[in-house]
Amino acid sequence: MPIRIAVIGSGPSGFYTADALLKSDADVEIDIIDKLPTPFGLIRAGVAPDHQSTKRVARSYERTAQDDRVHYFGNVEIGGDVTIDELRDCYDAVVVAIGMPGDPPLSIPGGDKEGVIGATKFVGWYNGHPDFANFTPNLNTKNVAVIGNGNVAIDVARVLVKTTAEMAATDLPGPIGEQIQSAPITDVYMFGRRGPVEAKFTNVELREMGQLENAVAILDPDILPDEVTGDWSDRDKRLRERNLKTLREFPDIDPGDKNKKVHFVFYAQPVEILGGDTVTGIRLEKTTVVDGRARGSGEFFEIECGLVIPAIGYALQPFDGLPVDEKTGCVTNDDGRIDEGFYAVGWAKRGPTGVIGTNKPDGKIAAAQILEDISEGVKPGGEALKALLTKKNVRWSDFDDWQTINEAEISNARPDAPREKFLSMNDMLVVVGKA
Ligand code: NAP
């Protein structure tokens, strides 16, 4: 009998696991289960809409999904429709590839005020994730504070200041683009609690901020160090030198008649979100970096703003029965092994770091572990899952359904755009007759 494997989650880590299993000589059947009818996880709902070339990797996942040994079960929520124990009863191995779809709390006074919107939620919203179909952020503000100096912070800042023309050939949903363009936002502040050398954004993303049609990158050049000091690997040092070079060039760029600004404010840690029920500003403390860590200086300043977007990482959203390591925030695992026949990959395994390709080795490791631990399949697999879903009245969607949704989105696209995303589960399911 084939070894029957369920992969929970259809993002990069799930697909790389399926791919590695297919490439082995083993007799395997793989079912990829996702709560959405649309596959590809963060490729669809996390990668910025104006980074279409990054999204092309989904083509290789599509080939994996079309292998006869792979089946897609969309619109199925593990922990909701099906418990993890029920799933494990159906499959010889279960792989958790659910990423980290939540926002960590901004643990400062006022961090839960209305108008503080975590980047996961904000990015999910502008990427048309159906979880946020009924969510409308209040963009009625001149100033926006983005907390964090990672690539997500840069993505958010860039999407907020790009012009309609710059966003034309993207899959930013039309109604969301209109909301952003009609907002009075002129100034986006990106606050880094450490310095430019410690910033985590990568150079391609940073350079884009100097090439925007209607926004200029602002910073105080005096805070830029002459050289990168500290304990970095040669590669890291080179990357940081490149960022410093780019930042040094920003003040020399002619602002022309650009009327939006992205302020890079380093050495500034948020200490309080100001306002009553809703945000009216943010209070920050100037810092110095000591032994690689931000240390408060006792000197404070405030910026008025109506929207604060913490882009400070991601948090796991575990379902019942998934052990969580409180210290790391990841699924409790030993290099991916959770329990007998139970594995974790990607961010759920090792936390929210790295690029898409970083998930590839996770998939290879999980595939090797599964084939090492299980020599022959004994569980019924997809047929048992289908019976269970039918019994529970869950209407799952398959990969053909995704292709129908995909074609409909492509044909609904405005000129130049690759697609016009459906914004709600219901709209997607109507297209495939499963609403
Ligand atoms: P990240 O790279 O870890 O950046 C998080 C930022 O938040 C850091 O600047 C961090 O500062 C700051 N931070 C964390 N906690 C904070 C707090 N309590 N107060 C103030 N600042 C705080 O995470 P990310 O931007 O979410 O990105 C996640 C991963 O996805 C990264 O590997 C990223 O490169 C990748 N990604 C890549 C792209 C791309 O390639 N274009 C796009 C998006 C995401 P410290 O450094 O001081 O901790």
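Annotation for E114 and E302: the two label points, set 7 Å from Cα along the Cα-Cβ direction, are 2.1 nm apart. Mind checking the log10 I(q)/I(0) for the chain at q = 0.10, 0.13, 0.14 Å⁻¹? Debye, one equal scatterer per Cα, no solvent, two decimals. Rounded to two decimals, the profile gives -0.75, -1.18, -1.31.
Using bins of 10 Å that start at zero, the share of Cα-Cα pairs per bin across segment 119-310 amounts to 9, 35, 36, 17, 3, in whole %. Its DSSP H runs of at least 4 residues, each contributing -39,500 (n - 2.57), put the calculated 222 nm mean residue ellipticity of the chain at -9000 deg cm²/dmol, to the nearest 500. About the Cα centre of the chain, what is the dipole size in debye to 20, counting +1 per Lys and Arg Cβ and -1 per Asp and Glu Cβ, all else neutral? Roughly 640 debye for the chain. In terms of packing, defined here as the mean over residues of other Cβ atoms within 10 angstrom, the peptides 19-27, 159-167 line up highest first as 159-167, 19-27. Excluding A315 itself, calculate the net charge of residues whose Cβ lies under 13 Å from the Cβ of A315, where each Lys or Arg counts +1 and each Asp or Glu counts -1. Around A315, the charge tally is -2. Close amide H partners of V82, meaning residues 5 or more places away or on another chain with modelled amide H under 5 Å apart, are E77.
Relative to the dominant Cα principal axis of the chain, helix 151-161 is inclined by about 70°.
Summing +1 for each Lys or Arg and -1 for each Asp or Glu among the other residues whose beta-carbon sits under 9 angstrom from that of I410 gives -2.
In order along segment 360-377, the phi-based Karplus estimate (6.51 cos²θ - 1.76 cosθ + 1.60, θ = phi - 60°) of 3J(HN,Hα) comes to 4, x, 4, x, 5, 5, 4, 4, 4, 5, 4, 6, 6, 7, 10, 8, 8, x Hz; Gly and Pro are listed as x. Pairs of Cα atoms under 8 Å, at least six residues apart: use those to get the relative contact order of segment 119-310, whole percent. Result for segment 119-310 is 27 percent. Across the chain, Cα pairs under 8 Å and at least six residues apart give a relative contact order of 25 percent.
Counting only lysines at least 8 places from K392 when in the same chain, those with an alpha carbon closer than 22 Å to its own are K35, K379, K434.
Compute the whole-percent fraction of alpha carbon pairs in segment 105-197 spaced more than 17 Å apart. The calculated P(r) of segment 105-197 puts 53 percent of pairs beyond 17 Å.
Taking the Kirkwood radius as Rh and the Cα radius of gyration as Rg, segment 318-379 has a ratio of Rg/Rh equal to 0.99. Based on every Cα atom in segment 41-97, Rg and the maximum pairwise Cα distance Dmax equal 14.6, 42 Å.
Database remark: amide H of F73 closer than 5 angstrom to the amide H of I32, I33, D34 (H placed geometrically; neighbours at sequence offset of 5 or more, or on other chains; Pro and chain starts carry no H).
Here's how it looks for V271: its modeled amide H is under 5 Å from those of R283, L284, E285, which are all 5 or more places away or on a different chain. For segment 29-39, backbone phi angles converted through the Karplus equation (6.51, -1.76, 1.60; θ = phi - 60°) give residue-by-residue couplings of 10, 10, 10, 9, 10, 9, 6, 9, x, 9, x Hz, Gly and Pro being listed as x. Sorted on the mean count of surrounding Cβ atoms within 10 Å across their residues, most packed first, peptides 109-116, 425-432 read 425-432, 109-116.
Throughout, read-outs are computed from the coordinates displayed, never taken from laboratory work. Predicted model, so just to flag it, every value in this text is computed and none were measured. When we count neighbours, we look across all protein chains shown, and the Cβ atoms used for this are built from the backbone with ideal geometry, even at glycine.
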